[in-house]
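Participant: What follows is a structure written as structure tokens; I'll ask about it next.
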Amino acid sequence: MTDTKPLRLVTGLIHQDSILSSYQSLDRNNVERRRTRRAAFITDEIQANMVADDRGQAFLVNFSVGRPPVPQLVGIDTGSDLLWVQCRPCADCFRQSTPIFDPSKSSTYVDLSYDSPICPNSPQKKYNHLNQCIYNASYADGSTSSGNLATEDIVFETSDQGTVTVSSVVFGCGHSNRGRFDGQQSGILGLSAGDQSIVSRLGSRFSYCIGDLFDPHYTHNQLVLGDGVKMEGSSTPFHTFNGFYYVTLEGISVGETRLDINPEVFQRTESGQGGVVMDSGTTATFLAKDGFDPLSNEIQRLVRGHFQQVIYRTIPGWLCYKGRVNEDLRGFPELAFHFAEGADLVLDANSLFVQKNQDVFCLAVLESNLKNIGSVIGIMAQQHYNVAYDLIGKRVYFQRTDCELLED
């Protein structure tokens, strides 16, 4: 009898400013413009009060769809479960750097019928004149995608320069797509726990490791799918609601100071309001007012007399100061999010502050005005961690590490 190892599909997460993202023109002006926009994405999030993908994806997954295979670059999003890419014919499509997939030229593409058990059973379930299953995906920033729900072969490029083919993957073939996309990505890879998500198809575990959100030259960022995903570090329970991963945040510390916050501030009500979501598609972190105010007061106390505050009238309450994070905030006290059952997510200055421009840095934690969801832990707070989700055990693990050390 031969033991079969659980699937462990390791694929690189490509920084959108990296030379690895070779489909995009990388002239100097373009790269510098995109580096400046990285901080601007946080500004946009604040002004839009949004929770889902900010559409300026920092990290993209490279795979091919169909036979013959057509390369794609898609953003990852733990707040949704659907994989979709733009498809021809395009009624409304945004610019992307890879070829737009044409299902009529693929020998393995199959439209799902309205009567298929895979076609979502919901009030929004729709069909076209050919009795084909139609999907409609929408995101909190106003981005949308709609088209045919279908199955197709997906080929992932692995970290060891090999490939893994997953046949008959349920995906959205988007013929009408709108949103704040940046010209590179061709769709979204949802990592939520839906029955038809790629995560569920490949097992019950996934993880991602982000080394540095602002370093396009760091090449060890990775996404791992399958039951062979390693579960290491401290862990806390999660529950899913409306496709989001909710965790129990019990408190916040700055250095040795535990902030005076009632834990009920971060709880989700029986009606579904409030709570704390882990999200890979949001850059900054947003906290409910009664959790944010004590943090804001403590940060202001620590920097008072050391830095000159900068006021942005279009974003009231955003804590911004003259200075440089890498030079002026060395030794700044770390912030710790304390989750249920002893798991901590610890942020150093580079995860707590964003360099808005050459001479101004700002706190990357903001007061939340989000509808329904009270607080969101964004991807910037998850830098320098391997974050792993066990969908059966319903736990999320935080392992503080250099992503390079995770490579086999």
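Rule-based calculations on the coordinates, nothing more; no lab input. Owing to the predicted nature of the structure, the values given are computational and were not obtained by experimental measurement. Every residue, glycine as well, gets a Cβ built from its backbone with ideal geometry; the counts of neighbours run over all protein chains shown.
Participant: Working out 0.36 nm times the residue gap between LEU405 and THR144, then minus their Cα-Cα distance, what length gain in nm do you get to one decimal?
Facilitator: Gain on extension, LEU405 to THR144, equals 90.2 nm.
Participant: Continuing with this model, one more query. If neighbour count is taken as other Cβ atoms inside 10 Å, put HIS217, HIS338 in order from fewest to most.
Facilitator: HIS217, HIS338
Participant: Counting alpha carbon pairs within less than 8 Å and at least 6 residues apart, what relative contact order, in whole percent, applies to the chain?
Facilitator: 19
Participant: Turning to a different aspect of this structure: Which of rounded, prolate, oblate describes the chain, given a ≥ b ≥ c as roots of the alpha-carbon gyration tensor eigenvalues and a/c under 1.5 marking rounded, otherwise prolate only if a/b is larger than b/c?
Facilitator: Because a/c hits 1.5 or more and a/b exceeds b/c, the chain counts as prolate.
Participant: In addition: Report the dimensions of region 126-215 along its three principal axes from the alpha-carbon atoms, largest first, rounded to Å.
Facilitator: Between the extreme Cα coordinates on each principal axis of region 126-215 lie 45, 30, 23 Å.
Participant: I've got another one for you. For the chain, find the longest principal axis of its Cα atoms and tell me its angle to the long axis of helix 28-48, 0 to 90°, nearest 10.
Facilitator: 80
Participant: Determine the principal axes of the Cα atoms in region 205-257, then give the extent along each, sorted from largest to smallest and rounded to whole angstroms.
Facilitator: For region 205-257, the Cα extents along the three principal axes come out at 34, 31, 24 Å.
Participant: Assign unit charges at the C-beta atoms only (+1 for Lys and Arg, -1 for Asp and Glu), then state the dipole size of region 285-353 relative to its Cα centre in Debye, rounded to the nearest 20.
Facilitator: Here the size comes out at about 480 debye.
Participant: On to the next question. Quick check: residue separation of GLU256 and ILE315 times 0.36 nm, minus the Cα distance between them. What number comes out in nm?
Facilitator: Working it through step by step, the gained length comes to 18.3 nm.
Participant: Given R₀ = 51 Å, what would the calculated FRET efficiency be for LEU302 paired with THR158, taking r from the Cβ atoms and rounding to 0.05?
Facilitator: 0.70
Participant: Specify the residue with the greatest mean-square fluctuation among GLN184, GLN16, GLN358, computed from a Gaussian network of the chain linking alpha-carbon atoms under 10 Å apart.
Facilitator: In this elastic network of the chain, the residue with the biggest mean-square fluctuation among GLN184, GLN16, GLN358 is GLN358.
Participant: Order of GLU264, GLU232, GLU152 from fewest to most other C-beta atoms within 10 Å?
Facilitator: The most exposed by this proxy come first: GLU264, GLU232, GLU152.
Participant: For region 234-406, what is the convex hull volume of its Cα atoms per residue in Å³?
Facilitator: In region 234-406, the Cα convex hull volume per residue is 130 Å³.
Participant: For the chain, please report how many Lys pairs fall under 30 Å Cα to Cα, leaving out neighbours fewer than 8 apart on the same chain.
Facilitator: Here the count comes out as 15.
Participant: Taking 7 Å along the Cα-to-C-beta vector as the label spot, tell me the ALA91-THR165 distance in nanometres, rounded to one decimal.
Facilitator: Between ALA91 and THR165, the label points sit 3.3 nm apart.
Participant: Average the reciprocal distances over every distinct pair of alpha-carbons in region 283-357, invert the result, and give the Kirkwood radius in Å.
Facilitator: Here the Kirkwood hydrodynamic radius works out to 13.8 Å.
Participant: Given the options ARG95, ARG304, ARG324, which has the most mean-square fluctuation in a GNM of the chain, springs set between C-alpha atoms less than 10 angstrom apart?
Facilitator: Residue with maximal mean-square fluctuation among ARG95, ARG304, ARG324: ARG304.
Participant: How far is helix 289-303 tilted, in degrees, relative to the longest principal axis of the Cα atoms in the chain, given as a value from 0 to 90 rounded to the nearest 10?
Facilitator: Once rounded, one gets 50 degrees.
Participant: Which one, ILE379, PRO71, VAL155, projects farthest toward the positive side of the charge dipole computed for the chain from Cβ point charges (K/R +1, D/E -1)?
Facilitator: Checking the options against the dipole of the chain, the answer is PRO71.
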